[in-house]
Amino acid sequence: MDLIATALPALEQAIYLILQPEQIMYLIVGILLGLSVGILPGLGGIAGLSLVLPFVYGMDPVSGLALMVGLVAVIPTSDTFSSVLMGIPGSTASQATVLDGFPLTRKGQAARALSAAFISSLFGGIIGAIILTFFIFIARPVILAFNIPAMLMVIVLGLSMVAILAGRVPLKGVVAAGLGLLAGTIGTAGAGGSLRIASYDYPYLVDGLQLVIIGLGIYAIPEIVSLLRQDKSISRDGKLGEGWMTGLQDWWQNKWLSARCSILGVLIGTIPGLGGSVVDWIAYGFTVQTAKDKSQFGSGDIRGVIGPESSNNAKEGGGLVPTLIFGIPGSGSMAIFIGGLALLGYEAGPHMVRNNLDITYTIVWSLALANVFGAGLCILLSGQIAKITTIRFALIAPYLFMIITFAAFQSSMRLGDLIALVAIGCLGIFLRRFDYSRPAFLIGFVLSYRAENYANQVYQIAGSRFRRSFEMGMDYIATPLTMTLLAITLLSIVVGIRQSKNIRENANVYTATKTAPALFLAALTGYTAYAVFDASGITRTGDKIFPIIVGLITLLACSALIVKMFMKPATDPVFMDLEAGGDDGNADHGLWGTLMWLVSLVVLSSLAGFVIGATLFLIGFFKYRARLSWLWSLIAAAAGIGFILFLASSLGRDFPPGLLQAYVSLPWPLR
Amino acid sequence: MISTKSRTRAFLGAVAATAMAAAMPTASAADVSFAGQTVDFTIPFSETGGSARWAQFYAPLLSEHLPGNPTVVVRYRPGGGSTTGANWFQDNQQLNDGTQIFGTSGSTQFPYLLGDPRVRYEYQDWIPLLGSGVGGVAYLSGDLADKWDGTGDNLQDEFFMYGSQGATSLDLVALLAFKLIGLDVEPIFGVEGRGDGRLMFERGETNLDYQTTPAYISNVQPMVDQGLAVPLFAWGSLDDDGNIVRDPTFPDIPSFAEVCEANSVCDTDSLGFEAWQAFFTAGFPAQKLIYLPGTASDEVVEAYREGLRDLMARDDFTEISEAALGIYPQLIDNGARNAHRLATTISPEAKQYVLDWLEEDYQITLD
C-alpha cells in the first residue's frame, strides 16, 4: 500500500533520529524543565517554552525539537500535581481532574490518585502517537469537515456538561454557568470591539479577565483558605493511605475507559480552534455517563481521574495535527512551538508533512517517548511528593499564596491582576460556601469567548446562504456531522440531568438562616441585571446580543431560585451554607481573618513591591500564624524568597512594583 | 498624484535631512560596552504571536553583535491590542543606557494612527533602530477565476465573505482595499488569526482571503496549483523613493496600486487610496520596528546602529533569517528612520476618512 510505503521508511528514519543518545539527553532536559515549571500552580507550558526558546536558535533541528517536545509533552502530566494535591487546576488541561482527584487526596489517597493519573497520561500519550502516525495522512479532509456550525456544536456539547456538574440544586448550576459565560464577555467584544462592563477610564477590564486568574481565584483561593482555617494537613487524618501501586491497579481495571477517553482526546484535540479547552470536561462527562455506579463521583472516584487524564495527554498529540498540517496552532503552547520550528528552519504547513515526514514523525514519537519518561518519572515520584499532603498546611499555604500571586501577575503585569485575583477569590469562596457549582462557572468562562464568536459567525454565514436559497443554508448548518453532535449533546443533557444529583462536592447538607444565601443570590442577580443593562447600551448588535441573551436566561434562573427560596423552609438544600457545619463551620480560624493574610500580601506588594512585600508577609505569617520561632520564620521566609527569585530570574519575569518603586529607583529584584 | 507626491516629497526631505546628519561628526560608539549587562527587549504582545517569533529571532543576534555581548532577554507585556505595553514604554523613557529596547508591530501603529483613546504613547519621542517588513497576497475562490481580469470590474455583482480578525486590526488594509475596488464584502469578524481565516476559506465558508507571505507560500500556493484559489494582488513593496512597486517575492502578481489603476472605480489620487497607503505602510513594509527610548545617549544609539550594521553585513544573514522573517529587507539607519516616519504619519483628512468608513460600514467607533 502507498501509505505504508511512505510511512514506514520515514518512521524508521524518525526512530533512528530519536534514539540517538544526544537527542534523548535533550528530551530529558526538556522533560525535567517541563516538570519543574508545570508543577507550580498557574505556570504552564507557555512559561516553560519561552524559557528554552532563546537556546533553541542555532541548535541542530532534531535536538531542538527534542528539547521543545519534551517540555510540551509533560506539562499536562506535571500540572496534575497541583490539581490532585492542592485542588488547584494547573492548566486548562487538568481542570476536570480536580473534581475527583482532590477529594481522594483529602481522604489520604494522594499517591493512589497521582499514580493512576500518571499511568493514564502515559497510556493516553502513546495511544495518541499511534493514532497520529496514520491519521496524519487522512486528517486533512476530516479537519475540513469541521465547519463553524460543527465547532459551535462541540462547544455546546462542552457546555452541556454543566448539566451533569450542576450539583444538588440544578438551578444553581445554571446560574453559575451563566455567570461564567457573562464573566467571559467582560472587556472588548471579539467582533466589533465594543466595551462590556469595562471602560477606558479603568483600562484593566478592557482586556477581559484572564483564565489563570479565574482558575486560581475560583479554585485555589477557596481551597487554600478553607484548608488553612482548619490548621491540619491536606490529608484529613494526616496519613497516607493507599499507595501508588493501588493507582496502577485501578488503571488496569479501567483500561478500556482509559483507551476510549484517549481516542476522544486525540479526536477533539485535532479540531483547530477548540484549543483543547473542552477535552477534559467532555471526557469527564463521558466517564460519568458510561459508569454503572455513579455514587462516588465528585467525592473521590478514581475513574473521575483516569478519564480526563487519559484524554489530556492524548489531546497534545491531536493538537499537533492542525499545528503541523495547517500551520495553525491548536493552543498557546503550540503557537510558541510553531515559532520554535521556524527558528530551527522549518515552516509548519502541508508541505512539512509531505516533504519532511521524518521530522514530522520525529515530533510525534518524541512526544510519545517524552510521555513515557515524564509520566514514568512522575509515578516514581508520586509516593514521595504525596507526603506533602501530610505536612501541617500552615507551613505550605504562605508559599502557595506567594506563587499564585506571582503567577497571577504574569498574566498582564499590572497591579490590577492582584486585585482581580482577590476579587475573584472572594467570588470563589462564596460560590463554594453556598454550593454553587464552581466547575459549571469555569466551563462557562472557558467556553464563553468561542461560544459567542462561533454563534455570531454561524448566524452571519448561514444568514447570507439562506438569503440566497433555503437549500444552501440547510446544506451548511444541517450536515450529518452537526446533526450527530446535536444528538450526542441532547443525549448528554438528558443523561446529565438525571444523574446530576449523584455528583456533588459536599455529601452533607448544612443550612443556617435564610439571610446569607438570599443576600448572595441577590448580589448575583444584581450583577446579572447590571450586565444586561450595560450590554443593552451597546450600539453594535453583534457585540451585545450574546451577553443579553445569556444574561436574560441567567436572570430567569435567578428568579426561579428566588421563588424557590420563598417557598421552601430554611432547611432546604437551596439554603446550603458551608459555614453552618462540617469542616468549614467547625474550623479553628475565621474565614475573613484567613483571607486577610492574602489581602495583606497584595497590599504590602502594592506599597513596597512584591519582593519586599512577600518577605514581610512570609516572616509575619510564619511567626504569627504558623507560630514558628523567629529563627525558623526567618529561615522559612528566606527559602521562599530565594526560590521565587530563582524562578523569576530563570524565566525572565518581572515582579509587581509598588508605590515605593514609583518614587525610588531600585535595582532588580526590588524594582 | 497629489497624495503620493506629497508623501514622496516628505520622504525625500527625510533622506536629505538624514544625509546631512550623517555628514556631521557623529558620536563615537567605541566607548560603549554592555559587557555583563542585560538588555530587556520588550514587546507589547504575548509569547504566542508573530512578534514573539520575530523578537526571539533578533535577541540572540543582537547579543552577538552589540559591544560587550550583553544578554538580550525578550520580555512580554501584552494587553489592549499592544497599547498597554506601548504605554508602559512611554512611561519608562528615562532609561538612557541602552538596556531597554522596544519592538512594535502594525497593531501598535494602527491605534496610534487612528487616535484610539487607549493610546498614551508618542512614537515621535522614540528613536527607531530597525524596521522589518512583510508582504501579503489577497486571493479568491477558484470558481470565480474566470471573472478576474486583473481589474475587479467583473466582480462587482458577486457577493464576498471574508474571515476577519477585526476591522481595526491589520485586516483594515485588506477590507479597505476591497472597498476601493468596489467589491461587495461581508467580513465575518471574530476570527482568531489569519490561519483560522484561511481554514474558513478552505472549507468554503468564505470566498476571499489574504495571507502574509510565508503562510501564502506554504499553505495557499498548493491551492493555487490545484485551481482552488486565484491570487488577486499582492499589497506590494516600497522602493527607495517611497513608491509602491511589486512585491519582490511575487514578481508575477500585480501590486494593489496596479489593480487600483486598472479598476474603474478606484483612483490612486483619491483620499481613500492615500488612507490605504498610510495603513498599508504601517501594516506591511514597516510592520515591525525596534526603538530605543528618546533619552538614550548618542553613544548608545550609535553602538546599536553599528551592531545592526555588522549583523546585516553577515554573509549568512539571508540564510538564517529566511524561515523566521521571509526575504524582506531589514531596514537600518536611514531606512529605519524612513520606515518609522512613514509608518507613523497620516494626514488628518485620511484619518477622518477611515474613521467615517469604519463607523458607516461596520458601526465601529473609537471612543
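At a Förster radius of 45 Å, what calculated FRET efficiency corresponds to the Cβ-Cβ distance of B:F159 and B:Q94, to the nearest 0.05?
Efficiency computed from Cβ-Cβ geometry: 0.25.
Tell me the per residue accessible area of chain A using a 1.4 Å probe; a whole number in Å² is fine.
Spelled out: the 1.4 Å probe surface of chain A, per residue, equals 35 Å².
Could you tell me which of rounded, prolate or oblate describes the stretch A:65-192, using a ≥ b ≥ c as the square roots of the eigenvalues of the alpha-carbon gyration tensor, with rounded for a/c under 1.5 and, failing that, prolate when a/b is larger than b/c and oblate otherwise?
oblate
Tally up the carbon and sulfur contribution to the accessible surface of the stretch B:136-282 as a whole percent, 1.4 Å probe, everything protein left in place.
Roughly 45 percent of what the probe reaches on the stretch B:136-282 is carbon or sulfur.
Evaluate the distance, in nm, between pseudo-label points positioned 7 Å from the Cα of A:V603 and of A:F470 along their respective Cα→Cβ axes.
6.7 nm
With runs of 4+ DSSP H residues as the only contributors, calculate the mean residue ellipticity of chain A at 222 nm using -39,500 (n - 2.57) per run, divided by the residue total and rounded to the nearest 500.
-23500 deg cm²/dmol
For A:L519 and A:K568, calculate 0.36 nm times their separation in residues minus their Cα-Cα distance, and state this gained length in nm to one decimal.
16.0 nm
Suppose every Lys and Arg Cβ carries +1 and every Asp and Glu Cβ carries -1, with no other charges. What dipole size does chain B come out with about its Cα centre, to the nearest 20 debye?
Approximately 880 debye in magnitude.
Please compute the contact order of chain B in relative form: average sequence separation of alpha-carbon pairs under 8 Å and at least six residues apart, divided by the residue count, as a percent.
Normalised by residue count, the contact order of chain B is 26 percent.
If you place +1 on the Cβ of every Lys and Arg, -1 on the Cβ of every Asp and Glu, and leave all else neutral, what size is the dipole of the protein assembly as shown about its Cα centre, to the nearest 20 Debye?
4680 debye
Rg and Dmax of the stretch A:131-270 over Cα atoms: what are they, in angstrom?
My reading of the Cα-based Rg and Dmax gives 21.3, 58 Å.
Mean Kyte-Doolittle of at least -0.5 plus a Cα span of 27 Å or more along the axis: flag which DSSP H helices in chain B meet both, please.
B:2-23
Kindly tabulate the residues in the stretch A:304-333 with an accessible-area decrease of at least 20 Å² between the chain alone and the assembly of all protein chains, using a probe of 1.4 Å.
Residues of the stretch A:304-333 that lose at least 20 Å² of accessible area once the other chains are added: A:F326, A:I328.
Residues of the stretch A:18-62 that become at least 50 Å² less accessible with every protein chain present than in their own chain isolated, using 1.4 Å: which are they?
Hits at the 50 Å² cut-off: A:Y57.
Starting from 0.36 nm per residue, how many nanometres of slack lie between A:A580 and A:F533 once their C-alpha separation is accounted for?
Once the chain is fully extended between A:A580 and A:F533, it gains 13.4 nm.
Based only on Cα atoms, what Rg/Rh ratio does the stretch A:530-671 have, Rh being taken as Kirkwood's radius?
1.18
Which residue fluctuates the most in chain B, going by a Gaussian network model with Cα springs under 10 Å, if the choices are B:S46, B:S132, B:S164?
B:S46
For the pairs A:K544/A:K568; A:K514/A:K544; A:K294/A:K387, note any where the Cα-Cα span goes beyond 32 Å.
Flagged as over cut-off: A:K544/A:K568; A:K514/A:K544.
Return the FRET efficiency for the residue pair B:S297, B:E261: r is the Cβ-Cβ distance, R0 is 60 Å, and the value is rounded to the nearest 0.05.
In this case the efficiency is close to 0.80.
On the accessible surface of the stretch A:201-245, probed at 1.4 Å, how many percent belong to carbon and sulfur atoms?
57 percent
Return the distance in nm (one decimal) between the two label points of a simple spin-label model at A:L8 and A:D588, each offset 7 Å from Cα along Cα→Cβ.
Label at A:L8, label at A:D588, 6.8 nm between them.
Nearest 0.05, what FRET efficiency do A:I130 and B:V224 give at R0 = 25 Å with Cβ-Cβ as r?
0.10
With no solvent and one point on each alpha carbon, what is the Debye value of log10 I(q)/I(0) for the stretch A:234-370 at q = 0.09, 0.14 Å⁻¹?
Treating every Cα as an identical point scatterer, log10 I(q)/I(0) equals -0.36, -0.73.
Return the unpartnered cysteines for the protein assembly as shown, using a Cβ-Cβ cut-off of under 4.7 Å.
Lone cysteines by the Cβ rule: A:C261, A:C378, A:C426, A:C558.
Using the C-alpha atoms of the stretch B:136-282, what convex hull volume per residue, in cubic angstrom, is computed?
104 Å³
Could you work out how far apart the two model spin labels at B:D125 and A:V494 are, taking each label as a point 7 Å from the Cα in the direction of the beta carbon, and quote it in nm?
Output for this residue pair reads 6.4 nm.
Distances longer than 40 Å among the Cα atoms of chain B: what percent of all pairs is that?
That tail contains 13 percent of the Cα-Cα pairs.
Which of the lysines could be linked to B:K288 by a straight reach, that is with a Cα gap under 27 Å, when you skip same-chain ones fewer than 8 residues away?
Result set, ordered by chain and number: B:K5, B:K179, B:K351.
Given that compact globular proteins tend to follow 2.2 N^0.38 Å, what is the ratio of the alpha-carbon Rg of chain A to that value?
0.94
Report the local net charge at B:F160: Lys and Arg +1, Asp and Glu -1, summed over other residues whose C-beta lies under 9 Å from its C-beta.
Once all neighbours under 9 Å are counted, the net charge is -3.
How much accessible area is lost when chains A and B come together, counting both sides, with a 1.4 Å probe, in Å² rounded to the nearest 100?
So the total buried area for this chain pair works out to about 4200 Å².
Give me the percent of accessible area attributable to carbon and sulfur for the stretch A:508-576, probe 1.4 angstrom.
Here it works out to 74 percent.
Counting only Cα atoms, I'd like the Rg/Rh figure for the stretch A:508-576, Kirkwood definition for Rh.
1.13
The values are calculated or read from the model by the stated rules, or taken from the named source; none is laboratory data. What you see is a predicted model; the values in this text were computed from it and never measured. Cβ sites come from the backbone with ideal geometry, for glycine too, and all protein chains shown count toward neighbours. To get the accessible areas, we keep the full protein, side chains included, count just its heavy atoms, and leave off ligands, DNA and RNA. Shrake-Rupley method; radii C 1.70, N 1.55, O 1.52, S 1.80 Å.
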